[in-house]
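See structure below.
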Amino acid sequence: MEKRRVYVDNSATTPMHPQVLEEMMPYFIESFGNPSSIHFFGREARKAMDKARERVALGLGAKTEEIYFTGSGTEADNWAVKGVAFANKKKGNHIITTKIEHHAILHTCEYLERQGFEVTYLDVDEYGRVNPDDLERAINDRTILISVMFANNEIGTIQPVEEIGKIAKKRAVYFHTDAVQAMGNVDINVDKLGVDLLSISGHKIMGPKGIGALYVKKGTRIDNLIHGGAQERKRRSGTENVAAVVGMGKAVQLAVENLDQHVHKMTSLRDALINGIMERIPHVRLNGHPTQRLANNVNFSFEFVEGEALLLSLDMVGIAASSGSACTSGSLDPSHVLLAIGLSHETAHGSLRMSLGEINTREDIDYILDELPPIVERLRALSPLFKQCEGGKANV
Amino acid sequence: MYNETVIEHFTNPRNVGEIEDADGVGEVGSPQCGDIMKIFLKVEDNIIKDIKFKTFGCASAIASSSIMTEMVKGRTLEEALALTNKDVVDALGGLPPAKVHCSVLAEQAIRAAIEDYRSKKKEARNSG
């Protein structure tokens with residue numbers, strides 16, 4: 001019998017939607033033109049790009065001229081933070097972000113610190129939420145940018161983005177949000193949120209890899225990240241990846257059209273998985289916020305076991321997930337997000353993220369709920385930490 | 001990422017458990033690093049008669065513990081002390097570079113257990 005394969009790592013990447021692939025196909029061989037060319041081939045490609053830009057703009061409630069395509073979500077994040085920092089350094093050198101951002105933001109901020117900028121990394125509460133009051137207090141007269149992610153990639157916690165947007169507006173500070181994980185799982189409207197810049201990525205929403213977009217509100221002072229030709233209205237050079245841009249446009253369109261249905265389906269699968277695990281396995285901790293979390297995110301710590309051993313055991317029975325354990329990252333420290341919400345190192349090492357997507361079914365959830373408990377039990381039987389706590393209260 | 005030997009030892013680890021009246025116990029590693037290895041020994045006539053382990057850690061830490069116990073069981077304490085982490089890596093047919101520290105833990109664990117045995121023996125002699 002063929003081994004069952006269950007993919008619950010949709011926050012890492014998703015399969016492309018067949019309709020996305022279908023729309024992309026003509027732009028590899030048939031309509032291969034360079035959108036900068038004035039001849040027919042070029043105009044055809046330009047038209048496809050315009051349509052994609054309109055779809056992305058519509059999906060975010062933005063104007064088409066406020067959407068710029070990038071090579072990835074990471075590039076969009078880099079551009080937003082570095083671009084605003086360098087363009088506004090005469091005004092100030094202070095940036096505010098959080099301790100739980102994606103590395104695309106954190107490492108960019110660390111780089112800017114080495115360039116003379118000052119960065120405040122806000123703490124989060126035990127659920128991973130930023131306190132807007134803390135944020136407001138951190139603003140000073142040199143603050144030029146606030147960058148707070150919309151929803152966290154590891155624990156799925158959704159930030160009070162609208163509230164932060166109001167504070168940013170009141171204090172006249174640019175506000176960027178990394179919406180890579182939120183897109184497709186949360187309703188996004190840039191005006192309602194009060195953001196000046198917003199990053200998204202194609203492959204997290206059943207679009208192609210190697211494509212992202214940055215929303216830049218009209219009038220935002222931002223330097224270029226990539227210099228060269230006149231593409232993207234002279235803001236982001238490099239011949240456009242037309243097929244990927246087309247795919248991104250379609251992916252955003254589908255994500256927005258199917259949002260309610262998707263969120264409904266994901267929430268039901270997510271809750272079945274969360275409740276099922278809590279009923280079947282003792283000494284577990286749900287990481288992230290109980291309600292303010294992405295509809296597709298499940299993140300647990302299993303006390304006394306290590307995440308990589310858990311992942312490998314799951315992989316052996318065909319279940320693909322991810323972990324915040326150090327052993328999966330090549331470093332010795334576990335996930336910065338799990339440490340920031342106050343988890344001990346050993347609890348952080350025992351984390352497991354299962355991120356759901358359109359390809360998942362109720363049968364997948366049942367399969368996980370059958371396979372996971374004996375795996376945790378086996379690893380606990382091997383663990384010297386387990387015996388010490390057996391019978392006693394779990395150290396959670 | 002892991003070879004078949006590592007996977008085999010991870011899936012079917014040898015000598016798992018604890019020895020109630022162990023002659024020597026060694027525990028190394030820390031929860032901070034995500035690896036803890038605990039070794040229990042029974043020693044008779046300078047020979048490791050029985051050995052059991054419990055490990056909190058990744059697959060390579062579990063596999064390193066398992067193969068190490070196989071390698072030292074039935075050996076003299078001197079032979080066991082001569083075991084290096086490289087011997088463990090070689091016996092496993094190699095570990096990914098980021099995982100070599102797991103084999104170091106196995107080497108340290110058996111040494112800690114033997115040291116514990118020797119210090120207990122010394123104490124017993126002194127008090128007796």
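Just so it is clear, none of the values below were taken in a lab; they were calculated from the coordinates. Computed from a predicted structure; not experimentally measured. Every residue, glycine as well, gets a Cβ built from its backbone with ideal geometry; the counts of neighbours run over all protein chains shown.
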For B:K73, go through the lysines and keep the ones whose alpha-carbon is under 16 Å away, minus same-chain ones fewer than eight residues off. B:K38, B:K42, B:K49, B:K52, B:K54
Along the charge dipole of chain B, Cβ charges K/R +1 and D/E -1, which of B:G17, B:A113, B:A91 sits furthest on the positive end? B:A113
In terms of the Cα gyration tensor, with a ≥ b ≥ c the square roots of its eigenvalues, is the range A:83-132 rounded because a/c is under 1.5, prolate because a/b exceeds b/c, or oblate? prolate
In debye, nearest 20, what is the charge dipole magnitude of the protein assembly as shown about its Cα centre with +1 on Lys and Arg Cβ and -1 on Asp and Glu Cβ, if you could check? 1620
Using Cα positions and a limit of under 16 Å, work out the aspartates and glutamates in reach of A:K47, with same-chain residues fewer than 8 apart set aside. A:E23, A:E30, A:E65, A:E232, A:E240
Going through A:K91/A:K234; A:K387/B:K120; A:K91/A:K217; A:K387/B:K99 one by one, the pairs whose alpha carbons sit over 21 Å apart turn out to be A:K91/A:K234; A:K387/B:K120; A:K387/B:K99
Loop-resident GluC sites (Glu not before Pro) in the range A:116-145 with no more than 13 other Cβ atoms inside 10 Å, DSSP not H/G/I/E/B, are A:E126
Of the beta bridges DSSP finds with both residues in the protein assembly as shown, what % are antiparallel, to the nearest 5? 65
Roughly what angle does helix B:59-72 make with the longest principal axis of chain B, taking Cα atoms, 0 to 90 degrees, to the nearest 10? 40
Could you tell me the distance between the Cα centroids of the range A:291-326 and the range A:333-375, to the nearest Å? 3
For the range A:197-349, what is the relative contact order in percent, using Cα pairs closer than 8 Å and at least 6 residues apart in sequence? 14
Taking Cα pairs under 8 Å and at least six residues apart, what relative contact order does chain A come out at, in percent? 22
If one takes the longest principal axis of the Cα atoms in chain A, at what angle in degrees, from 0 to 90 and to the nearest 10, does the Cα axis of helix A:161-170 lie? 40
Counting partner chain Cβ atoms within 10 Å of every residue's Cβ in B:28-36, what's the average? 6
Tell me the net charge near A:A381. Cut-off is 10 Å between Cβ atoms, A:A381 excluded, with +1 for each Lys or Arg and -1 for each Asp or Glu. +3
Could you give the dipole magnitude of the range B:5-51 about its Cα centre, charging the beta-carbon of Lys and Arg +1 and that of Asp and Glu -1, in debye to the nearest 20? 200
Helix-only [θ] at 222 nm, chain A, -39500 (n - 2.57) per DSSP H run of 4+, per residue, nearest 500, equals -12500 deg cm²/dmol
Residue-count net charge about A:E346 - beta-carbon cut-off 15 Å; Lys, Arg +1, Asp, Glu -1: -1
Take the residue pairs A:K99/A:K170; A:K99/A:K192; A:K192/A:K265; A:K99/A:K218; A:K169/A:K218 and return only those whose Cα atoms are more than 20 Å apart. A:K99/A:K170; A:K99/A:K192; A:K192/A:K265; A:K99/A:K218
In chain B, taking the dipole from +1 charges on Lys and Arg beta carbons and -1 charges on Asp and Glu beta carbons about the Cα centre, the listed residue (B:L41, B:A124, B:A80) farthest towards the positive end is B:A124
Only helices counted: for chain B, with every DSSP H run of 4 or more residues adding -39500 (n - 2.57) and the sum spread over all residues, [θ] at 222 nm is -15000 deg cm²/dmol
Rounded to one decimal in nm, the spacing of the 7 Å Cα→Cβ label points at A:A320 and A:I38 is 4.7
